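Asker: Okay, here's the structure, questions in a sec.
The values are calculated or read from the model by the stated rules, or taken from the named source; none is laboratory data. On a predicted model such as this, the values are computed, not experimentally measured, just so you know. Neighbour counts are summed over all protein chains in view; Cβ atoms, including those assigned to glycine, are modelled from backbone coordinates with ideal geometry.
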Amino acid sequence: MKIVLYQPQIPQNTGNIVRTCSVTGCDLLLVRPLGFSTSSRMLKRAGLDYWDEVDITYTHDLTEYLAGVDAPFFFFSSKAKRLYSETTYPKDCILIFGSESTGLPQLFWDKWPEKFLTLPMKSDSRCLNLSNTVSIIIYEAWKQQGFQ
């Protein structure tokens, strides 16, 4: 599986996600611009020694990237209506998460509204922490794949 972080802002979240990708075998795509340097001491600290164990790539244009892949992909947003548990995640799926401060742009909603999923929360909640959300989704998808 591949995890995509759209313009992440908080290096500690990205570092934690790198660590989760390492222990689950996921690749990571970071969509620029990032809100931090990937050589940041805090990013390396949060990812510990896992940073070198993950296939990390970068892009400036997620729409163009998605147009060039054959794998199924899913977006995750606190504004979506369909639950993350109401879909099947193939082994080659791409799981896309928005920026901590702005989420995902409207253009993705306009182009792929049927691909948006959410995690259940109390109605007066804003959203979960990005690294926690990514962990929940990775493990649901991996569980469906028999942890293979």
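Asker: Say we look at region 138-148 and pick out the residues that are on the phi < 0 side of the Ramachandran plot and not β-branched (Val, Ile, Thr); which of these is surrounded by the fewest Cβ atoms within 10 Å (Cβ to Cβ)?
Answerer: Step by step, filter region 138-148, then rank; the result is Gln148.
Asker: Right, next: In the list Ser131, Ser135, which residue meets the criterion of being hydroxyl-bearing (Ser, Thr, Tyr), closer than 17 Å to Val31 by Cβ, in contact (Cβ under 8 Å) with a residue 60 or more places away in the chain and surrounded by 12 or more Cβ atoms within 10 Å (Cβ to Cβ)?
Answerer: Criteria check complete, one pass: Ser131.
Asker: Which condition from (1) without any contact (Cβ under 8 Å) to a residue 40 or more places away in the chain; (2) of a type in the set (Ser, Thr, Tyr); (3) not in a helix (DSSP H, G or I) is the one that Tyr89 breaks?
Answerer: (1)
Asker: Here is a further query. Restricting region 106-123 to residues that are in contact (Cβ under 8 Å) with a residue 24 or more places away in the chain and not in a helix (DSSP H, G or I), which is farthest from Glu140 (Cα to Cα)?
Answerer: Going through the qualifying residues, I end up with Trp112.
Asker: Residues that are in a loop (DSSP other than H, G, I, E, B) and among the aromatic types (Phe, Trp, Tyr): does region 65-75 have at least one?
Answerer: No - not one qualifying residue is present in region 65-75.
Asker: On to the next question. So is Gln145 of a type in the set (S, T, N, Q) and either more than 22 Å from Pro33 (Cα to Cα) or in contact (Cβ under 8 Å) with a residue 60 or more places away in the chain (or both) or not?
Answerer: Spelling it out, Gln145 is indeed of a type in the set (S, T, N, Q) and either more than 22 Å from Pro33 (Cα to Cα) or in contact (Cβ under 8 Å) with a residue 60 or more places away in the chain (or both).
Asker: Which one is nearest to Thr88 (Cα to Cα) among residues in region 1-29 that are touching a Cys at 6+ places or on another chain (Cβ under 8 Å), surrounded by 20 or more Cβ atoms within 10 Å (Cβ to Cβ) and touching a residue at least 60 places away in the same chain (Cβ under 8 Å)?
Answerer: This residue is Met1.
Asker: Same structure again: Given the conditions (1) farther than 13 Å from Leu5 by Cα; (2) loosely packed, with under 13 Cβ neighbours inside 10 Å; (3) modelled with pLDDT of 95 or more, report the number of the one that Tyr58 does not fulfil.
Answerer: Condition (1) is where Tyr58 drops out.
To keep it simple, each residue is scored yes or no on (1) of a type outside the set (Ser, Thr, Tyr); (2) surrounded by fewer than 17 Cβ atoms within 10 Å (Cβ to Cβ).
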position: Pro33; (1), (2): yes, yes
position: Val69; (1), (2): yes, yes
position: Pro90; (1), (2): yes, yes
position: Ser101; (1), (2): no, yes
position: Leu117; (1), (2): yes, no
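Asker: Could you give me the residue pairs with C-beta distances under 8 Å whose first residue belongs to region 30-52 and is modelled with pLDDT of 80 or more and of a type in the set (Val, Ile, Thr), whose second residue is crowded, with 18+ Cβ neighbours inside 10 Å and in a loop (DSSP other than H, G, I, E, B) wherever it lies, and which are 6+ apart or on separate chains?
Answerer: Short answer, once both residue conditions are applied: Val31/Gln7.
Asker: If you check Asp110 against the conditions, is it among the acidic types (Asp, Glu), out of contact with any Cys (no Cβ under 8 Å at 6 or more places or on another chain) and loosely packed, with under 12 Cβ neighbours inside 10 Å?
Answerer: The answer is yes for Asp110.
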